[in-house]
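Derivation of every value follows stated rules applied to the coordinates shown; laboratory data play no part. None of the values given here were measured: they were computed from a predicted structure. Every residue, glycine as well, gets a Cβ built from its backbone with ideal geometry; the counts of neighbours run over all protein chains shown.
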Amino acid sequence: MPTLIMRMARQGSQPHQKNWGFTVALLWRELRLLRARQRSRRELRALANDPHLLKDLGITRWEALEEADKPFWQ
């Protein structure tokens, strides 16, 4: 993936030209990361009521709920 971003950065090689493709790619990547965090924390909250699954993960119910309560941007 870094090579794709590097190629996108080189496309707008003129100094006065803003490379919007690179900016959009970085923004899209960040939004996907935030969405993935939100989804995984929601799923972790659902798992917090199953002690067997928590034991498989190696975390306590308190740790699962603490992680699930974090905002998606952290």
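Taking the Cα atoms of the range 25-71, the ratio Rg/Rh between the radius of gyration and the Kirkwood radius comes to 1.12.
Ordering E30, E67 from the fewest to the most neighbouring beta carbons within 10 Å gives E30, E67. Taking label positions 7 Å along the Cα-Cβ direction at both H52 and E30, the computed distance is 4.3 nm, reported to one decimal. A cut-off under 14 angstrom between Cβ atoms defines the neighbours of R29, and their net charge, with Lys, Arg +1 and Asp, Glu -1, is +2.
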